[in-house]
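Working notes, beginning with the structure itself.
Nothing in this text is a laboratory measurement; each read-out follows from the coordinates by a stated rule. Since we're looking at a predicted model, the values are computed, not measured. Glycine also receives a Cβ, built like all others from the backbone with ideal geometry; neighbour counts cover every protein chain displayed.
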Amino acid sequence: MKKETLSIRFLYGTMVGRAILKPLVHPFASRLAGKFLDSGVSAWLVPWFIKKHHIDMEGYEEKRYRSFNDFFTRRRVSERIDITPDHLASPCDGYLSVYPVDEKRTYHIKNVEYNLEQLLRNKTLAERFAGGLCLIFRLTPQDYHRYCYACDGVRVRSAAIGGILHCVRPMAYTSVPVFVENSREYVALLTDFFGTVIQMEIGALLVGKIHNYHGKVKVTKGQEKGYFEFGGSTILMLVEKDRLDLAERVVENTKMGKEMKIRLGETVGVRK
């Protein structure tokens, strides 16, 4: 088993680990790490990180990286986006899992129940997604950390919710209610094909910053929405009941309870 996995098991699965974890999840720890990773002193980490994670640098802008975060937030030269209007696209690279939302506006990930009202801090908005779907896109440190809008729409609400910064690996979010405790930002989009859609970015351990662009009210699928600085992160989407038919590959993996690898712009499903 990989060392990283063992460390997460220790932090979330033992009493000693949870005691050590408490100061680590505080935003101050992430801000401190962020200052180092923003500095030129961290640039030496770039070639080591590329080699360790076998990252193919073809297709990225050619530039000299001033710091590790300058590398981590690198931009690809081009993207392949499914632009069919009634298709929902993946907003990022990562691993996708899908969970049904019940009529009480909750969804379950193994032993943990997540409540949409707690997640959104908005009861009226949460009610829209009763019986709908929750799509979770988990980004690993080696993934591309810029993300886009998954569909065309009009922004009708934006919110930023403070919190702590748990790890977002499965060991963590199946042990504690990570997604309702972590710092997060979301927009509610009014769309032609999917009703109201929530697209939420969730910070994680050693991710002190979520950078979102807040300019335009009307947005288009594939338009860059923002980026994460270093660490594993998560994008969560909520879709209303009877609005989305998931792609066959997504359905098959969901039935088996498996995460599936997905790429930014790839089709997740089509309007019902």
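Each residue in 80, 146 was given a count of other beta-carbon atoms within 10 angstrom of its own, and listing them fewest first yields 80, 146. FRET efficiency for the pair residue 103 and residue 83, taken as 1/(1 + (r/R0)^6) with r the Cβ-Cβ distance and R0 = 41 Å, rounds to 0.75. Ranked by how many other Cβ atoms sit within 10 Å of their own Cβ, fewest first, the residues 127, 224 fall in the order 127, 224. Placing a label point 7 Å from the Cα of residue 50 along the Cα-to-Cβ direction, the residues of the range 72-111 whose backbone N falls under 12 Å from that point are 72. Starting from the Cα gyration tensor of the range 87-271, take the square roots of the eigenvalues, sort them a ≥ b ≥ c, and report rounded, prolate or oblate (rounded when a/c is under 1.5, otherwise prolate if a/b is larger than b/c, else oblate). Since a/c stays below 1.5, the shape of the range 87-271 is classed as rounded. As a rough footprinting exposure proxy, the listed residues 60, 147, 227 were ranked by other beta carbons within 10 Å of their own, and the order from fewest upward is 60, 227, 147.
How would you rank 134-141, 196-203, 98-105, highest first, on the average number of other Cβ atoms within 10 Å across their residues? Numbers along the way, then the final one.
Numbers: 134-141: 22.6, 196-203: 25.2, 98-105: 16.1.
Going by the mean number of other Cβ atoms within 10 Å, highest first, we get 196-203, 134-141, 98-105.
Think of each Lys and Arg Cβ as +1 and each Asp and Glu Cβ as -1; about the Cα centre, that makes the dipole of the range 87-271 roughly 220 debye.
Could you let me know the centre-to-centre spacing of the range 80-150 and the range 243-272, using Cα atoms, in angstrom? Cα centres, the range 80-150 to the range 243-272: 12 Å.
For the range 72-162, the Cβ-based charge dipole about the Cα centre amounts to some 380 debye (Lys, Arg positive; Asp, Glu negative; other atoms uncharged).
May I ask you to work out the translational diffusion coefficient for the range 92-145 at 25 °C, viscosity 0.890 mPa s, via Stokes-Einstein with Rh from the Kirkwood sum over Cα pairs, reported in whole µm²/s?
Values: Rh = 12.1 Å.
Value of D from the Cα-based Kirkwood radius: 202 µm²/s.
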